[in-house]
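The values are calculated or read from the model by the stated rules, or taken from the named source; none is laboratory data. What you are looking at is a predicted structure, and each value in this text was computed from that prediction instead of being measured. Methodologically, a virtual Cβ is constructed for each residue, glycine included, from the backbone with ideal geometry; neighbour enumeration extends over all protein chains shown.
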Amino acid sequence: MTVTNIKLSPVDMDARKKLDFKAGDTIRVWSKIPDEKATKKGDAQKFRSQAFEGIVLARKHGTEIGGTFTVRKVASSVGVERIFPIFSPMIDKVEIIKKANAGRSKLYYVRTKAVKDVRRKLRSVAMSAEHEMEPEVKEEK
């Protein structure tokens, strides 16, 4: 009796299971995006790679088939989050850029923390602008 390995998906399952990142780490995810320009009727679909770099907020369901991870980045002063399935064939590779030592497994509080920091900066800028606008009164004796 011969045993043959049948590969059902184009994803290297063992490599994806061994990905060692957790909440707080900064990663770069290379995903395949369908290329609009190269798509014509009858042609095979072409893809291009696009990087999404940010902080991992959460990793859910471990290394199960339905496991996902959430990545957040700030682009043009707007927070952007994407949820990636771990075993998606649309992901080319995952690069771990920086390891972090987070005290929690889910970092959802980063969303409100970022908003508060932006508001604080705007408030300080507005206060300094008001201070500059006030005319200085010199007393003559």
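Before moving on, here are some points about what is shown:
- Of residues in segment 97-129 being touching a residue at least 40 places away in the same chain (Cβ under 8 Å), out of contact with any Lys or Arg (no Cβ under 8 Å at 6 or more places or on another chain) and assigned to a helix (DSSP H, G or I), the one nearest to Phe52 (Cα to Cα): Ala114
- Matching option when the condition is surrounded by fewer than 15 Cβ atoms within 10 Å (Cβ to Cβ), in a strand (DSSP E or B) and either of a type in the set (D, E, K, R) or out of contact with any Lys or Arg (no Cβ under 7 Å at 6 or more places or on another chain) (or both), among Val74, Val94: Val74
- Test: Glu36 is modelled with pLDDT of 85 or more and outside any strand (DSSP E or B): no
- Those residues of segment 103-126 which are touching a strand residue (DSSP E or B) at 6+ places or on another chain (Cβ under 9 Å) and either of a type in the set (Gly, Ala, Ser) or at pLDDT below 80 (or both), in sequence order: Ser105, Ala114
- Residue tally, condition out of contact with any strand residue (DSSP E or B) (no Cβ under 8 Å at 6 or more places or on another chain) and either on the phi > 0 side of the Ramachandran plot or at pLDDT 90 or above (or both), over segment 71-86: 2
- Positions within segment 63-84 being over 18 Å from the mean Cα position of the chain (by Cα) and of a type in the set (Gly, Ala, Ser), in sequence order: Gly66
- Top-ranked residue in segment 74-87 [being in contact with a helix residue (DSSP H, G or I) (Cβ under 9 Å, 6 or more places away or on another chain) and not charged (D, E, K, R); ranked as farthest from Leu19 (Cα to Cα)]: Ser77
- Boolean, Glu140 is acidic (Asp, Glu) and either at pLDDT 85 or above or surrounded by 12 or more Cβ atoms within 10 Å (Cβ to Cβ) (or both): no
- In this structure, Val56 does not satisfy being within 17 Å of the chain's Cα centre (by Cα), surrounded by 13 or more Cβ atoms within 10 Å (Cβ to Cβ) and either free of Cβ contacts under 8 Å to residues at least 24 places away in the same chain or not in a strand (DSSP E or B) (or both).
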